[in-house]
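Peer 1: Before anything else, here's the structure in question.
The values are calculated or read from the model by the stated rules, or taken from the named source; none is laboratory data. All of these numbers come straight from a predicted model, not from anything done at the bench. Because the Cβ atoms are built from the backbone with ideal geometry, glycine has one as well, and the counts that use them run over all protein chains shown. When the accessible area is computed, the model is the full protein with side chains, heavy atoms only, and any ligands, DNA or RNA have been set aside. Shrake-Rupley method; radii C 1.70, N 1.55, O 1.52, S 1.80 Å.
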Amino acid sequence: GVKIATIGGGSSYTPELMEGFIKRYDELPVREIWLVDIEAGREKVEIVGAMAQRMWDASPYDVKVHITLDREEALKDADFVTTQFRVGLLEARIKDERIPAYYGMLGQETNGAGGMFKAFRTVPIILDIVEDMKRLCPDAWLINFANPSGMVTEAVVRYGKWDKVIGLCNVPVMAQMIEPEMLGKQPDELIYKFAGLNHFHWHKVADTHGKNVTQEIINKMYEGDETGMPKNIHDIPFPREILEQMQMIPCGYHHYYYQEEETLAHALEEYKTIGTRAQQVKKTETELFELYKDPNLDYKPEQLGQRGGAYYSDAACESIASIYSNKNTQLVVSTKNDGAVPDLPADCVVEVSAYIGGQGARNVAFGELPTAERGWLQVMKAMELLTIEAAVTGDYNTALQAFTINPMVRSGKTAQRIMDELFIAHKDHLPNF
Ligand code: NAD
Ligand code: G6P
Ligand code: MN
């Protein structure tokens, strides 16, 4: 049987993960699941852990869910380690969002100043986890969800020197669910090719005869109202000219870059009225945990669909099942480039379509990107590399360089003030600085 260790097990998303494992039990015979959390998350992990056990008890399978604050016990001889932790919990995310907003800039959970500070907090922890894995489960695969997922995965490869890692996101899953519907087709009637970075990728689509249907999808994007946008992203139409020119479909997070003015205005309006996304999510989370406390609830409640990460288990459980049984399913993952995106160095992490099997991801070559997208991508990767380097070294000047090159951070003394305030606000979670 398979041993799974899930770091950040107190997440409200855990029932979704259980559902994914239950669905795939025949190909992935899970024996034990260890939900790991920390003292600050003890109540959450106890509630959601009991709920997770009820889900298994309601299934035909005999699986034990262990709840622990002892990471080593959970990692010992694990086959797969999944990471879904949030350093500093939602309180930290509120600061990432509110402090830049106070100065009129957008601080999002994975983008702009907020995303960079989430990286500063998360990278040291993921590197600790990798060191533990080297001792306790050297053959295990690390399946990372902790955001910023691409940067965290890059840190694992570049600084942790650990190659058995796959970084995941639900955004490509959602695109591949909605677009076949738009064209009145089944998912297996379309062939996808994604390339870029986490929360910064584009894709092209062909039918099974090899005909490029990207333009047909672009047309549909301006007709219906179902766009497959995650709940956390303001859903406005993309500038159609840009999509027509590049002949690719962007991801939802590209709104922050192609329409910074509109997304910023919308975010600032929300901050003043219903609160930042983290403040909204806090309410949803409270409601979810009230439901999870119900000793009769033994299935994933509908309300979890309000979270932006809905369907993430399809990526997580499918990649684990594909590695375990060498299925070679095509998924979109963050993994070492190795030439799939020739516009970026071979040794950096990219988010691309790949076949997932026993030895991990075998990337599908995408080829060169159009001029504009190549430029964006190279700037964004430089920002990511500087951010990770600053997270590891604690070097203030490197952090400021990362801030300055980030397209979502207006450079200058205000940006530096935002950075300084965030350093103070998060000092308890930034041991390297
Ligand atoms: P959350 O606030 O519920 O945090 C999950 C748990 O992590 C909490 O119970 C917390 O106590 C715990 N935790 C914090 N530090 C820890 C540590 N050092 N060790 C072990 N546990 C620790 O978060 P959430 O909203 O459920 O999201 C979890 C993570 O997954 C976040 O990083 C989020 O950004 C990410 N996420 C990623 C995607 C994706 O597409 N990749 C989708 C959804 C969420
Ligand atoms: C999805 C992303 C995640 C992100 C999440 C935020 O769009 O793929 O990476 O963390 O939504 O959702 P939330 O409900 O926490 O705002
Ligand atoms: Mn994501």
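Peer 1: Just to check your reading of the model, which residue among L90, L75 is among the aliphatic types (A, V, I, L, M), touching a residue at least 12 places away in the same chain (Cβ under 8 Å) and within 14 Å of ligand 2 (Cβ to nearest atom)?
Peer 2: After ruling out the rest, the residue left standing is L90.
Peer 1: Out of the residues in region 217-242 meeting the condition of being within 23 Å of the chain's Cα centre (by Cα) and open to solvent by less than 50 Å² (accessible area, probe 1.4 Å), tell me which one is nearest to ligand 3 (Cβ to nearest atom).
Peer 2: Filtering first and then ranking leaves P230.
Peer 1: Follow-up. Against the definition (within 16 Å of ligand 3 (Cβ to nearest atom) and at pLDDT 95 or above), how does H199 come out, yes or no? First the steps, then the outcome.
Peer 2: Working: within 16 Å of ligand 3 (Cβ to nearest atom): yes; at pLDDT 95 or above: yes.
In short, yes.
Peer 1: Something else now. Checking F117 against (1) buried (at least 24 other Cβ atoms within 10 Å of the Cβ); (2) within 16 Å of ligand 3 (Cβ to nearest atom), which single condition isn't satisfied?
Peer 2: Unmet condition: (2).
Peer 1: From the residues in region 378-398 that are acidic (D, E) and part of a helix (DSSP H, G or I), which one is surrounded by the fewest Cβ atoms within 10 Å (Cβ to Cβ)? I'd like the intermediate steps shown before the answer.
Peer 2: Just the residues of region 378-398 that are acidic (D, E), to begin with: 384, 389, 395.
Next cut, part of a helix (DSSP H, G or I) only: 384, 389.
Details: E384: 26, E389: 18.
Among residues in region 378-398 that are acidic (D, E) and part of a helix (DSSP H, G or I), the one surrounded by the fewest Cβ atoms within 10 Å (Cβ to Cβ) is E389.
Peer 1: Moving on to the next point. Pull up region 135-150, narrow it to residues that are open to solvent by less than 10 Å² (accessible area, probe 1.4 Å) and in a helix (DSSP H, G or I), then point me to the one that is nearest to ligand 3 (Cβ to nearest atom).
Peer 2: In this case the residue turns out to be S149.
Peer 1: In addition: If you take the residues of region 71-114 that are over 15 Å from the mean Cα position of the chain (by Cα), among the acidic types (D, E) and part of a loop (DSSP other than H, G, I, E, B), which of them is surrounded by the fewest Cβ atoms within 10 Å (Cβ to Cβ)?
Peer 2: Residue satisfying both the conditions and the ranking: D77.
Peer 1: Shifting gears a bit: Out of all the residues in region 322-332, which are surrounded by fewer than 23 Cβ atoms within 10 Å (Cβ to Cβ) and either aromatic (F, W, Y) or in a helix (DSSP H, G or I) (or both)?
Peer 2: Y324
Peer 1: Can you pull out the residues in region 243-264 that are at negative phi, over 22 Å from the mean Cα position of the chain (by Cα) and open to solvent by 60 Å² or more (accessible area, probe 1.4 Å)?
Peer 2: Quick first cut of region 243-264, residues at negative phi only: 243-246, 248-264.
Among the residues that remain, those that are also over 22 Å from the mean Cα position of the chain (by Cα) are: 243-246, 261-262.
The answer is E244, Q245, E261, E262.
Peer 1: If you take the residues in region 152-179 that are assigned to a loop (DSSP other than H, G, I, E, B) and farther than 30 Å from D207 by Cα, which one is nearest to ligand 1 (Cβ to nearest atom)?
Peer 2: Restricting to residues being assigned to a loop (DSSP other than H, G, I, E, B) and farther than 30 Å from D207 by Cα, the top hit is G160.
Peer 1: In the list D128, D132, which residue meets the criterion of being in contact with an Asp or Glu (Cβ under 8 Å, 6 or more places away or on another chain), surrounded by fewer than 24 Cβ atoms within 10 Å (Cβ to Cβ) and within 14 Å of T83 (Cα to Cα)?
Peer 2: D132
Peer 1: Enumerate the pairs (first residue in region 390-402 and without any contact (Cβ under 8 Å) to a residue 60 or more places away in the chain and β-branched (V, I, T); second residue anywhere and open to solvent by 60 Å² or more (accessible area, probe 1.4 Å) and assigned to a helix (DSSP H, G or I)) with beta-carbon separation below 6 Å, excluding pairs fewer than 6 apart on the same chain, so at least 6 apart or on different chains.
Peer 2: That search, which allows pairs on different chains as well, returns T398/E389.
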